[in-house]
Amino acid sequence: MKFTGTAHRYGRDIDTDVIIPARYLNTSDSLELAKHCLEDLDTEFIGKVRKGDILVAEENFGCGSSREHAPIAIKYAGIDVVIAKSFARIFYRNAINTGLPIMECPEAVDAIRNGDVVTVDADAGIIVDETTGQTFTVTPFPPFIKDIIEHGGLVERTIHRLAEEA
């Protein structure tokens, strides 16, 4: 899995209420959720994010409530991968379950600036800031997580597996 996009950089402790405010949780429509992604933090986020872009954040990204709406909103807003210094545990699992690739790499987060072009080779465990030329090493996904992400999430992977067995 390879991703290249523009970095959108944010700080620490970005909680799920900021990622997708509770007032929008009356829908399960992924595209509707995406329209409101990060709007309380950055009112211009949806207008500037493009398909394939990369979200970069400090520590404890996705803290707060355990809503799976948060990684869904990020994914459908156009973000291909999130790089952070650390993730809240429940967000980490929700992201994988919904097919949103996330990677922990404090060194990359310290170096990547807002607007930099970044390439992530998740299979090789390499992050490159194309703007500065800096390269960082990250642990590649284990095969079972890679399989879930490549299928678009845990539900999709399970449907695929059941169809293969039938």
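The values are calculated or read from the model by the stated rules, or taken from the named source; none is laboratory data. Quantities reported herein were computed from a predicted structural model and do not represent experimental measurements. We place every Cβ from the backbone using ideal geometry, glycine too, and count neighbours over all the protein chains shown.
When the residues of the range 114-154 are filtered to those that are of a type in the set (S, T, Y) and in a loop (DSSP other than H, G, I, E, B), which remaining residue is nearest to Y92 (Cα to Cα)?
Among those residues, the one meeting the criterion is T139.
Give the number of residues within the range 1-38 that are of a type outside the set (D, E), part of a helix (DSSP H, G or I) and more than 16 Å from the chain's Cα centre (by Cα).
3
Restricting to the range 12-44, count the residues that are touching a strand residue (DSSP E or B) at 6+ places or on another chain (Cβ under 7 Å) and not aliphatic (A, V, I, L, M).
Going through the range 12-44 one residue at a time, the tally reaches 2.
Looking at R161, R157, which is the one that is in a helix (DSSP H, G or I), modelled with pLDDT under 95, surrounded by 18 or more Cβ atoms within 10 Å (Cβ to Cβ) and not β-branched (V, I, T)?
Sole residue among the options that is in a helix (DSSP H, G or I), modelled with pLDDT under 95, surrounded by 18 or more Cβ atoms within 10 Å (Cβ to Cβ) and not β-branched (V, I, T): R157.
Specify which of the listed residues (K75, K85) is basic (K, R) and under 19 Å from A34 (Cβ atoms).
Details: K85 fails: under 19 Å from A34 (Cβ atoms).
Testing whether each residue is basic (K, R) and under 19 Å from A34 (Cβ atoms) leaves just K75.
Which one is surrounded by the most Cβ atoms within 10 Å (Cβ to Cβ), of the residues in the range 57-93 that are in contact with a strand residue (DSSP E or B) (Cβ under 7 Å, 6 or more places away or on another chain) and farther than 22 Å from E107 by Cβ?
I74
Of the conditions (1) in a loop (DSSP other than H, G, I, E, B); (2) closer than 20 Å to T6 by Cα; (3) among the small types (G, A, S), S66 satisfies every one except a single condition; which number is it?
Going through (1) in a loop (DSSP other than H, G, I, E, B); (2) closer than 20 Å to T6 by Cα; (3) among the small types (G, A, S) one by one, S66 breaks only (2).
Quick one: in the range 83-113, which of the residues that are aliphatic (A, V, I, L, M) and in a helix (DSSP H, G or I) is farthest from H8 (Cα to Cα)?
I90
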